[in-house]
Amino acid sequence: YIPAFVRRYPFVFASDPQLAPQHARFSVDRGQLFVEDISQGKGVYVRLIATYMLQDGDVVMMGRQTFRFHEKAEALAHAAATGTTIVNMQSMLKESIAEFVGLNAQGQETDNRFPLFDQEITWGRNKGTYTFTDDGFMSGAHAKVYHRGENFFLEDSGSRNGTFVKVREKAPVPVGATVVVGGQLLKVAQ
């Protein structure tokens with residue numbers, strides 16, 4: 001439910017330099033709240049409250065880290081069709097089937113690569129396959145990525161600050177989720 005005054009008046013955060021002049025559009029369709037990214041590249045992120053199926057090109061934030069997910073769809077389909085495990089397929093190809101690539105502040109890919117080489121990969125400040133000891137916004141055990149069939153899934157591990165996925169065009173926002181718009185955190189309540 002969005003009160004009438006919210007539907008009629010825009011939210012304005014004039015002192016937030018991270019916001020575009022028009023950054024996000026919220027709407028309701030059949031009782032479901034949606035957010036649409038209209039920022040032309042600055043991004044809108046929704047905090048995970050359930051398991052999320054990753055898609056090639058997804059952008060994910062954990063702590064102060066931002067990553068882009070890449071997968072080799074043909075290799076994943078071949079592995080699933082032949083019953084080959086992801087580990088065996090990667091050994092045959094001598095390269096990772098999927099990976100996260102670090103992004104800089106401008107959203108460009110860096111040389112920091114995090115291959116998803118096992119059935120489950122974990123992320124955290126001090127516990128995990130990949131650790132970020134200097135990131136005070138990342139929880140000790142923050143999130144995990146796992147593989148089933150031809151798909152990779154992302155789950156938050158009960159982190160303090162959450163795991164966020166960048167909205168592609170228009171996305172549903174469940175009750176209880178937090179949306180990052182520029183430097184603003186907006187929590188959806190009933």
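The values are calculated or read from the model by the stated rules, or taken from the named source; none is laboratory data. This is a predicted model, so every value here is computed, not measured. All Cβ positions, glycine included, derive from the backbone under ideal geometry; neighbour counts span all protein chains shown. All accessible areas refer to the heavy atoms of the entire protein, side chains included, with ligands and DNA or RNA removed. Shrake-Rupley method; radii C 1.70, N 1.55, O 1.52, S 1.80 Å.
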> How high is the relative contact order of the chain, in percent, counting Cα pairs under 8 Å that sit 6 or more residues apart?
Replying inline: 27 percent
> Whole-Å semi-axes of region 49-95's equivalent ellipsoid, largest first, each the root of 5 times a Cα gyration tensor eigenvalue?
Replying inline: 25, 13, 10
> How far is helix 73-82 tilted off the main Cα axis of the chain, in degrees rounded to 10, range 0 to 90?
Replying inline: 50 degrees
>> Using the Cα centre of region 84-190 as origin and beta-carbon charges of +1 (Lys, Arg) and -1 (Asp, Glu), tell me which of Leu116, Gly140, Val181 is placed farthest towards the positive end of the dipole.
In response: Val181
>> Net charge within 10 Å of Asp134 by Cβ-Cβ distance, Lys/Arg positive one each and Asp/Glu negative one each, not counting Asp134 itself?
In response: +1
>> Suppose every Lys and Arg Cβ carries +1 and every Asp and Glu Cβ carries -1, with no other charges. What dipole size does region 33-100 come out with about its Cα centre, to the nearest 20 debye?
In response: 240 debye
> So what's the Cα pair-distance distribution over the chain, bin width 10 Å, in %?
Replying inline: 9, 33, 33, 19, 6, 1
> Whole-Hz Karplus ³J(HN,Hα) for region 36-42, in order, using 6.51 cos²θ - 1.76 cosθ + 1.60 and θ = phi - 60°, x for Gly and Pro?
Replying inline: 10, 7, 10, 7, 6, x, 6
> Where both partners of a DSSP beta bridge lie in the chain, what percent of those bridges are antiparallel, to the nearest 5?
Replying inline: 95 percent
> So, with a 1.4 angstrom probe, what is the percent of accessible area on the chain that is carbon and sulfur?
Replying inline: 50 percent
> trypsin sites (Lys or Arg not before Pro) within region 29-124: which are DSSP loop residues with at most 13 other Cβ atoms inside 10 Å?
Replying inline: Arg30, Arg64, Lys94
> In terms of the Cα gyration tensor, with a ≥ b ≥ c the square roots of its eigenvalues, is region 40-149 rounded because a/c is under 1.5, prolate because a/b exceeds b/c, or oblate?
Replying inline: prolate
> Taking the Cα centre of region 75-174 as the origin, how large is its charge dipole in debye, to the nearest 20, when only Lys and Arg (+1) and Asp and Glu (-1) carry charge on their Cβ atoms?
Replying inline: 200 debye
> Build a GNM of the chain with springs between Cα atoms under 10 Å: which of Gln106, Gln119, Gln18 gets the top mean-square fluctuation?
Replying inline: Gln106
> Heavy-atom accessible area per residue, the chain, 1.4 Å probe: how many Å²?
Replying inline: 57 Å²
> When N counts the residues of region 126-190, how does its alpha-carbon radius of gyration compare numerically with 2.2 N^0.38 Å, as a ratio?
Replying inline: 1.29
